[in-house]
Structures are given as structure tokens and as C-alpha cells.
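Visitor: Structure in C-alpha cells, see below.
The values are calculated or read from the model by the stated rules, or taken from the named source; none is laboratory data. Here the structure is a predicted model, which is why all the values come from computation and not from measurement. Note: ideal-geometry Cβ built from the backbone for every residue, glycine included; neighbour counts use all protein chains shown. Calculation scope for accessible area: heavy atoms of the full protein, side chains included, ligands and nucleic acids excluded. Shrake-Rupley method; radii C 1.70, N 1.55, O 1.52, S 1.80 Å.
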Amino acid sequence: IWQKTLDILKQTLADQQFVTWIKPIRFVGVKNEEVELEVPNRFVLDWIKKHYQDAIQSCISNAAGASYRIKLCVARTPIKPDAVPVTENPTPPVPAKVQEEHHPQRGNVYNLNSRYTFKTFVLGSSNQFASAAATAVANNPATTYNPLFIYGGVGLGKTHLINAVGNEILKRNPDMKVCYYTSEKFMNELINSLRYAKMDEFRTKFRSMDVLLIDDVQFIAGKERTQEEFFHTFNALYDSHKQIVVTSDKFPKEIPGLEERLRSRFEWGLIADIQAPDMETKQAILKMKAEQNGIDLPHEVAFFLANSVSSNIRELEGYLVRIGAYASLTATPISLAMAQEVLKDILVEKRRELTVEEIQKLVANHYSIKLSDLKSAKRMKALVLPRQIAMYLSRQLTSCSYPEIGERFGGKDHSTIIHAIKKIEKNMEEDYQLRSVINNLKKELSA
Ligand code: ADP
Ligand code: MG
């Protein structure tokens with residue numbers, strides 16, 4: 001059955017995908033309607049679960065002519081490259097311990113991911129503030145910052161941090177009802193409750209929580225009914241002194257379509273941001289992830305990864321997965337050359353993004369002013385316009401957030417940046433010359 005499945009998978013997947021991810025899977029056996037499979041390490045496990053689980057499942061069912069589920073776990077004995085089993089003789093069935101991290105509900109706990117804890121969260125200047133706020137809330141729920149609002153770009157650790165709050169609270173107060181929901185899941189459940197006339201149940205459930213963690217709240221913006229229900233849930237919990245933590249990819253004021261009354265509530269407590277990690281933090285995170293997964297990651301490879309890719313930590317982890325899998329499949333240690341080879345396609349594809357520094361240099365050059373003056377707070381007219389233009393271009397041409405741009409202009413407040421950008425946008429509408437200057441600068445930057 002497994003060999004047949006492999007044949008089908010081989011036809012449906014690209015060679016490289018097949019060799020990298022499917023070939024190293026070890027077939028263990030079939031029990032009831034479940035096919036047990038083993039993979040070399042945790043990374044491969046996560047990857048396969050995310051990308052290939054459905055494909056494998058349907059191919060097995062195809063091959064067997066009956067429906068099978070698959071059960072994936074990390075191998076108890078090392079899987080050597082090329083040790084592809086062809087027989088169906090199962091290895092002696094040792095009870096496999098698959099540690100499920102993501103239970104929909106476990107007693108008084110909803111959806112919390114137990115893998116995301118403070119212990120596994122690497123501190124750096126980019127996340128220090130948010131992490132300190134989260135720790136304070138976890139140590140004293142509902143007595144310090146309520147609500148706690150954490151915002152930051154994609155893949156910077158918001159989900160990790162908000163889960164860490166829940167896990168820590170549970171560790172200290174095992175009887176508390178802790179609930180992690182993405183705002184989308186909240187919405188879906190609401191819609192279902194409306195459809196099946198179960199609103200009382202829905203309300204009772206959420207209002208009975210001691211801790212409500214809502215991830216990616218920006219998704220409910222523009223959804224009137226969901227915002228309304230969330231508003232009432234929020235009030236009920238807040239009034240009975242329950243802790244609320246919310247994350248978003250944006251500052252409350254910048255979430256389009258977010259109701260005013262919700263926005264103002266988000267501002268009642270503490271708002272903390274997570275910024276893009278610096279080189280050191282990226283390397284430290286990579287090292288921790290490598291260690292957790294038994295991957296031997298040389299320093300220069302960590303440096304190469306941290307240096308050559310974006311600030312998105314999830315993406316960074318993805319690269320580590322690839323390199324780790326490649327190393328374990330070819331049974332060779334990770335080296336810089338290997339990392340470059342494995343990632344060459346991805347890294348070429350991802351053309352390097354402009355940096356704020358490059359934009360600043362070009363603008364300073366164009367106006368013949370000093371770079372340090374451009375970044376300063378001096379209010380001279382000859383500096384203000386170039387500075388605002390550089391801020392505007394930074395927002396347009398990089399993926400930096402307002403606070404990140406402010407940081408690179410000598411530590412200015414994000415509202416200063418927003419103000420500057422609005423000003424330029426407005427002036428551009430009326431001022432033909434300004435428009436052409438900016439267009440030329442853009443052209444030069446993208447050359
Ligand atoms: P977001 O929710 O902001 O998009 P996540 O919390 O999902 O980002 O983080 C993406 C990945 O990066 C996760 O696997 C997470 O564990 C990891 N990560 C982010 N920040 C850190 C950190 N400071 N230390 C360790 N891992 C981190
Ligand atoms: Mg997230």
C-alpha cells in the first residue's frame with residue numbers, strides 16, 4: 001500500500017518535492033483505519049503536516065481503495081537517507097507518543113498552542129517592550145494592563161507571544177479558563193451560532209472565560225455583526241475584571257474599518273509593538289530553533305540566513321527547515337555552501353528590498369545635504385522637505401512600518417512619520433514639480 005502510494009505521489013509532485021519531503025517518510029504500519037508514518041525530525045513533521053498531509057492522505061486512500069487517515073510522528077530511530085522501506089512488514093509497534101500541541105479544547109483551555117511559551121521566545125530590542133508587557137500580564141492577569149494590545153508585522157512573533165501569555169497564566173493558575181481564538185475563528189463561530197440559533201450558548205461560553213486572547217483582530221474590521229458581538233463580549237469580560245489580550249498587524253488607529261468604540265477600548269490598556277528583529281536577534285532565534293530540533297547550525301550559516309532574508313521570522317524558520325531536511329536526507333553536515341545551494345532559487349526570486357538607508361542617502365545626495373541632518377530633528381526649511389520626501393519614499397518602497405521608519409530617522413514617533421507622509425501626499429496632488437522630483441527619485445532607486 002505504501003509503495004503504491006509513493007508511486008502516485010511521485011507522479012503528482014515535482015521531483016524535488018518528492019525527494020525532499022516524501023521519500024524520507026518511513027512507513028510503520030496500518031492499524032484500524034490509520035496509516036502510521038515516521039519522519040526524520042520535527043521540522044519535517046511540521047512541514048509535511050502543513051503542505052502534504054492532505055495529498056498523502058488522499059493518495060493512500062486512492063492506493064488502498066478505502067479511506068485511511070494518516071498518523072505522523074517523529075522517528076524513534078534515525079531515518080537514514082535512502083532507507084525507503086518497500087515492504088509492508090511493520091517495524092515492531094512501539095506505542096508512539098505524538099505530542100499534540102494544538103487542542104481545540106482541553107478542559108478549561110481553548111486552542112492554546114503549548115509550544116509557544118516565554119521560555120522559547122528569544123528577547124531582542126525589537127520585542128523587548130511587548131514581551132515585558134506580556135510577562136507582566138501573565139504574572140498578574142487583569143491587574144496590570146487590560147486590555148493588552150500587541151501589534152506588529154507578519155511573522156514577528158505576535159501569535160507566539162499571545163499564546164505564551166495564556167500558557168504562563170495556566171501554569172500559575174491551572175483552574176483558570178483560558179481561551180485563544182483568532183478573530184476569524186471567533187467570527188465563524190458567531191456565524192454558526194447565529195445560523196443554528198445558539199447565540200445564548202455562544203455568549204455564555206465567551207463570557208465565562210477568565211482570559212480571552214484574540215489573535216489578528218484586524219480581520220473583524222468591517223464586519224459589523226462580529227464587531228458588535230465582540231464589543232459586548234469585551235465589555236462583559238472587562239467589567240468582571242477578566243484579562244483580555246489582543247493582537248493586530250496594525251496600530252488601532254490604523255486599522256481601517258474598525259469601529260470607533262472598539263478602537264477606543266483597545267486604547268484603554270497598554271499598546272505594545274513588536275518591531276522587525278535586528279541581525280543579532282534573528283541569529284539568536286535561528287540558533288534556538290535549530291537547537292530545539294536537533295539541527296547543528298554553524299554560526300556562518302545562521303549569519304547568512306539572518307543577513308540574506310527578510311525580517312519575517314516565520315520565513316526564516318522555513319529556510320531553516322529546508323536546510324535541516326536537506327542535511328538529514330543527504331546525511332551531510334550543514335555548511336554555508338549547502339545553505340546557499342539549497343536556498344538559491346528562493347533567494348534569487350526574492351529580489352532584495354530597498355532599505356531606508358539607501359533611500360536616505362539618495363535623497364540627501366539629491367538635495368546636497370548631510371545624511372545626519374536628514375535624520376536629525378532640525379526644523380530648517382531646507383531639511384524638512386527632503387526629510388519628508390525620504391519618509392514618504394521609505395513607506396512606499398520598503399515594507400517598514402511607521403515606527404520602523406521613525407526608528408531610522410533618529411527615533412521619531414510614528415505619528416511624525418504619518419504626518420510627514422500625509423503632507424507629501426497632499427502636496428503632490430497640487431505641486432507638479434514635487435511630483436516629478438519624487439518620480440525621478442523613485443526611478444533612480446529602482447534602477
Ligand atoms: P505573527 O503572529 O506575528 O505573524 P508568529 O508568532 O506566528 O508571528 O511567529 C512566526 C514564527 O516565528 C513562530 O514560529 C514563532 O515561534 C517564531 N518567533 C517569532 N518571534 C520569536 C522570538 N522572539 N523567539 C523565538 N521564536 C520566535
Ligand atoms: Mg499570527
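Visitor: In debye to the nearest 20, how big a dipole does the chain give about its Cα centre with +1 on each Lys and Arg Cβ and -1 on each Asp and Glu Cβ? All intermediate terms of the calculation are to be shown ahead of the outcome.
Guide: Values: 59 positive and 53 negative charges, 104 e Å.
I would put it at about 500 debye.
Visitor: Tell me, what is the Rg over Rh of the chain, with Rh the Kirkwood radius over Cα pairs?
Guide: 1.02
Visitor: In Å, the Kirkwood hydrodynamic radius of segment 1-84 over pairs of distinct alpha carbons? Mind showing how you got there, number by number?
Guide: Values: mean 1/r = 0.0789 Å⁻¹.
About 12.7 Å for segment 1-84.
Visitor: Right, another one. On a C-alpha basis, how far is the centre of segment 147-204 from the centre of segment 254-332 in Å? Whole number, if you could?
Guide: Computed from Cα coordinates, the inter-centre distance equals 22 Å.
Visitor: State the Cα centre-to-centre distance between segment 376-401 and segment 1-59 in whole Å.
Guide: That distance is 51 Å.
Visitor: Then there's this: Which one of Ser183, Asn167, Leu194 has its Cα pushed farthest toward the positive end of the charge dipole of segment 161-220, where Lys and Arg give +1 and Asp and Glu give -1 at the Cβ?
Guide: Result: Leu194.
Visitor: Here is a further query. Quick one: if you stick a label point 7 Å off each Cα along the C-beta vector at Ala14 and Arg203, how many nm between them?
Guide: About 5.2 nm, to one decimal.
Visitor: Calculate, axis by axis, the spread of Cα positions in segment 370-447 along the three principal axes, and write the results as whole Å, longest axis first.
Guide: 30, 28, 23
Visitor: To continue, here is another question. Provide the per-residue ³J(HN,Hα) series for segment 288-302, in order, calculated from phi with Karplus coefficients 6.51, -1.76, 1.60 and θ = phi - 60°, each as a whole number of Hz, with x at glycine and proline positions.
Guide: After applying 6.51 cos²θ - 1.76 cosθ + 1.60, I find 5, 4, 5, 4, 4, 10, x, 9, 8, 10, x, 4, 5, 6, 4 Hz.
Visitor: Enumerate the amide H contacts of Val39 below 5 Å, restricted to partners 5 or more residues apart or on another chain; note that Pro and chain-start residues carry no placed amide H.
Guide: Arg26, Cys73, Val74, Ala75
Visitor: Over the C-alpha atoms of segment 287-371, what are the Rg and the largest Cα-to-Cα span, Dmax, in Å?
Guide: Expressed in Å, the Cα Rg and Dmax of segment 287-371 come to 16.8, 56.
Visitor: With unit charges on the beta carbons (Lys and Arg positive, Asp and Glu negative) and the dipole taken about the Cα centre of the chain, which residue among Ile25, Leu393, Val44 sits farthest to the positive side?
Guide: Of the candidates, Leu393 comes out farthest on the positive side.
Visitor: List, in order, the whole-Hz ³J(HN,Hα) value for each residue of segment 437-442 obtained from phi through the Karplus relation with A = 6.51, B = -1.76, C = 1.60 and θ = phi - 60°; use x for Gly and Pro.
Guide: Result, rounded to whole Hz: 4, 5, 4, 5, 4, 4.
Visitor: Going from most exposed to least, what order do Met338, Met380 have by accessible area with a 1.4 Å probe? Could you put the intermediate results ahead of the total?
Guide: Working: Met338 20, Met380 110 Å².
Result of the area sort, largest leading: Met380, Met338.
Visitor: What does the extension gain come out to for Asn312 and Asp7, with contour length at 0.36 nm per residue minus their alpha carbon separation? Please report the intermediate quantities before stating the final value.
Guide: Numbers: separation 305, 0.36 × 305 = 109.80 nm, distance 3.60 nm.
Gain on extension, Asn312 to Asp7, equals 106.2 nm.
Visitor: What are the ³J(HN,Hα) couplings of segment 117-133, residue after residue, when phi is run through the Karplus curve with 6.51, -1.76, 1.60 and θ = phi - 60°? Round to Hz, x for glycine and proline.
Guide: Values per residue, Gly and Pro as x: 10, 5, 4, 9, 9, 7, 8, x, 5, 6, 10, 4, 5, 4, 5, 5, 5 Hz.
Visitor: Mind giving me the nanometre distance, one decimal, between the label points for Ala382 and Lys443, set 7 Å out from Cα along Cα→Cβ?
Guide: Going by the 7 Å Cα→Cβ label model, 2.7 nm.
Visitor: For q = 0.15, 0.19, 0.30 Å⁻¹, what log10 I(q)/I(0) does segment 188-239 give under the Debye formula with an equal point scatterer on each alpha carbon and no solvent?
Guide: -0.40, -0.66, -1.35
Visitor: State in Å² the accessible area per residue of the chain; use a 1.4 Å probe, count heavy atoms of protein chains only, and round to the nearest integer.
Guide: On the way: 22660 Å² over 447 residues.
Averaged over the residues of the chain, the accessible area is 51 Å².
Visitor: Give me the one-decimal nm value for the distance between modelled label points at Arg76 and Lys370, 7 Å along each residue's Cα-to-Cβ direction.
Guide: 7.0
Visitor: Quick query: amide H of Asn146 versus all other amide H atoms, modeled in the peptide plane; which residues come in under 5 Å with a sequence gap of 5 or more or a different chain?
Guide: It is Leu270, by chain and number.
Visitor: Tell me the carbon and sulfur percent of the accessible area for the chain, rounded to whole percent, probe radius 1.4 Å. Intermediate results must be reported in sequence, preceding the final value.
Guide: On the way: 11560 of 22660 Å².
Of the solvent-accessible surface of the chain, carbon and sulfur hold 51 percent.
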